[in-house]
Amino acid sequence: MNFGFTEEQELLRAEVRKFLDENASLEEVRSQCESEEGFDRKLWEKMSELGFVGLTIPEEHGGAGLDLVTLLVLLEETGRSLLPSPLISTVMAAHAIQRFGSDEQRARWLPGLADGSRIGTMALLEPSDDLSPMGLHLQGKVDGAETIFSGRKLFVPDAGKADLFIVAFRSGPAADDVGLAVVERETEGVSTLDSAAMDLTKQLGSLELDHVRVGTDCVLSPEKGGWWVVQSLIDLGAALVTGETVGAAEGALTITAEFAKDREQFGSKIGRYQGVKHPLAEMYVDIESYKSLVYYAFWALDENEEDAALAVSRAKAYASETFPMAGINGVQLHGGVGYTWEYDIQLYLKRGKWMRPMYGDADYHYDRIAHLGGL
């Protein structure tokens, strides 16, 4: 079976790389993530005009209608540049609406997500920080033709800039009584609060819902509810984050290898020493190993393969262990200066710290691998 990219996908990669080189150098990334919004709104609009944001949204709703493997090409390059943007958050929201929404709901929200005029995100976690039915406590109280929400969601990606939130809630007393609702920012009782984060290129925040009322037209597929709906979105989020990590890890390796070629110590380039060459070789092997896992996971999700969830957990577990360590080794190989703001390698270390817990850390996914494997 050939898992290579097509000629069209490689052409997309070249175009994305050219676009990011011209508009999102690491110097620009630093400037963007320190701005008030935390990303470049004009650059986001350009990405939308080029079709990057709506890449997987159906054509009838303004997108390109392409598959997840093609999206992976884009994610690798945005990860390589550490681009601050709500791309993954918006893709997640669009996927939830496309998969679980009605025709009317798709027509209502997907065009705005496709053209970048609206930013979406997922609101899953609560104070328990538990990615299981037991961690979901937000109740959806039915009041006539409306559902009322009062509660708090934590660690919401891009909460401060999102226009609509896909909120997971409990629809009944049973563990599997779970649903999804679209809550728009302008709804009365909705507020957000940004959270301090180590990685400035990835913003997190909390979503406060104070007696928020939404109509039944904002509830996604109540007849198809169940924890499996939320779990499928967790799997997608884990895959997207890990896909972007492939590019970020390759970026970290490139920066560190170039530093080793240039840095002299005791009259010799440090790249000639085994104590430097061996960690770099290990970084390369780790990246190539989970790159293969990621590629298969995206293909399995596209093809709705039976082992798609297992494939995602394998990729996320491996990446959650090895990418943060690559950041640590990269900083150490730079010496003391690697920790300073002036050097780019510390940005990749911080990205590793961010990606490790997102949509489940290594322990979560290794446990899931064991469960799905029948252990």
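Only the coordinates and a few stated rules stand behind these numbers; no lab work does. Bear in mind the structure is a predicted one, so any value in this text is a computation, not a measurement. Heads up, the Cβs are rebuilt from the backbone with ideal geometry, glycines too, and the neighbour counts pull from every protein chain shown.
Here are the numbers:
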quantity: Residue-count net charge about ARG17 - beta-carbon cut-off 11 Å; Lys, Arg +1, Asp, Glu -1; calculated: -3
quantity: Volume per residue of the C-alpha convex hull in the chain, rounded to whole Å³; calculated: 144 Å³
quantity: Straight-distance crosslink candidates among aspartates and glutamates, where the alpha carbon sits under 16 Å from LYS153 and sequence neighbours closer than 8 are dropped; calculated: GLU126, ASP129, ASP130, ASP163, GLU184, ASP194, GLU208, ASP210
quantity: Inter-part distance where segment 65-133 and segment 1-52 are each reduced to a Cα centre, Å; calculated: 16 Å
quantity: Tensor-based shape of segment 7-114 (alpha-carbon gyration tensor, a/c under 1.5 rounded, otherwise prolate or oblate); calculated: oblate
quantity: Net charge dipole size for segment 1-140 [Lys, Arg +1 and Asp, Glu -1 on Cβ; Debye, nearest 20]; calculated: 180 debye
quantity: 15 Å beta-carbon shell around ILE270, net charge (K/R +1, D/E -1); calculated: +2
quantity: Cα-centre dipole for segment 221-326 with unit charges at Cβ (Lys and Arg positive, Asp and Glu negative), debye to 20; calculated: 580 debye
quantity: Relative contact order computed over the chain (Cα-Cα under 8 Å; 6+ residues apart), in percent; calculated: 15 percent
quantity: Listed residue pairs exceeding 28 Å between alpha carbons, taken from LYS261/LYS291; LYS291/LYS350; LYS18/LYS277; calculated: LYS18/LYS277
quantity: Rounded to the nearest 20 debye, dipole of the chain from Cβ charges on Lys, Arg, Asp, Glu; calculated: 920 debye
quantity: Gyration tensor verdict on segment 164-252 (Cα atoms; rounded if a/c is under 1.5, prolate if a/b is larger than b/c, oblate otherwise); calculated: oblate
quantity: FRET efficiency, 1/(1 + (r/R0)^6) with R0 22 Å, evaluated for TRP341 and GLU36 via beta carbons; calculated: 0.70
quantity: Computed helical MRE - 222 nm, the chain, DSSP H runs ≥ 4 contributing -39500 (n - 2.57), nearest 500; calculated: -16500 deg cm²/dmol
quantity: Stretchable slack from GLU184 to LEU50, in nm (0.36 nm times residue separation minus alpha-carbon distance); calculated: 45.7 nm
quantity: Rounded FRET efficiency, nearest 0.05, which uses the C-beta distance separating ALA197 from GLN332 and R0 of 30 Å; calculated: 0.85
